[in-house]
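Below is one structure; the comments refer to it alone.
The values are calculated or read from the model by the stated rules, or taken from the named source; none is laboratory data. The shown structure was predicted, so the numbers you read here are calculated from the model rather than taken from an experiment. Every residue, glycine among them, receives a Cβ derived from its backbone with ideal geometry; neighbour counts consider all protein chains shown. Accessible surface is based on the protein model in full, side chains and every heavy atom, while ligands, DNA and RNA are left aside. Shrake-Rupley method; radii C 1.70, N 1.55, O 1.52, S 1.80 Å.
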Amino acid sequence: MKGDITNLYKKAFAFAFLFSILGAYMKMQHFENSYIFLLIGVGLTLLYIIIGIREVNNSTKISSTEKLFWTIAFLCFNFFTGIFYFIKRKEIV
């Protein structure tokens, strides 16, 4: 089960990044239906934020203060926190 969540976070983050960049590019080029790619990117962003917050709050390796800071960081600086969490995930969870 834990491996499934790990893979789900990684896939959601990667696809959110991909769809957001692709949607933004399509929007700048005035392609029709580019909003669909942006909506998929936003949906996947919400997914990796929810998964990340859930994993941080269920972690036994970090203190409750760190959990609070991680939660605030995911909500306020989701992309940068997502990258940092993607890299340092093994130390946190």
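Go through segment 8-34 and give me each residue that's surrounded by 13 or more Cβ atoms within 10 Å (Cβ to Cβ) and hydroxyl-bearing (Ser, Thr, Tyr).
Selection gives Tyr9, Ser20, Ser34.
Tell me the residue from Ile5, Ile50, Ile40 that is surrounded by 13 or more Cβ atoms within 10 Å (Cβ to Cβ) and at pLDDT below 90, please.
Details: Ile50 fails: at pLDDT below 90; Ile40 fails: at pLDDT below 90.
Result of the check over Ile5, Ile50, Ile40: Ile5.
Within the set of pairs 6 or more residues apart or between chains, which connect a residue that is on the phi < 0 side of the Ramachandran plot and open to solvent by less than 80 Å² (accessible area, probe 1.4 Å) inside segment 70-93 to a residue that is outside any helix (DSSP H, G or I) and among the hydroxyl-bearing types (Ser, Thr, Tyr) with Cβ atoms less than 8 Å apart?
Ile92/Ser59; Val93/Ser59
Which of the residues that make up segment 21-79 are polar (S, T, N, Q) and part of a helix (DSSP H, G or I)? Steps first, answer last, please.
Keep residues of segment 21-79 that are polar (S, T, N, Q), which gives 29, 33-34, 45, 57-60, 63-65, 71, 78.
Passing the criteria: Ser34, Thr45, Asn57, Asn58, Ser64, Thr65, Thr71, Asn78.
Take the residues of segment 80-93 that are of a type in the set (Val, Ile, Thr) and part of a helix (DSSP H, G or I): which is nearest to Ser20 (Cα to Cα)?
Ile83
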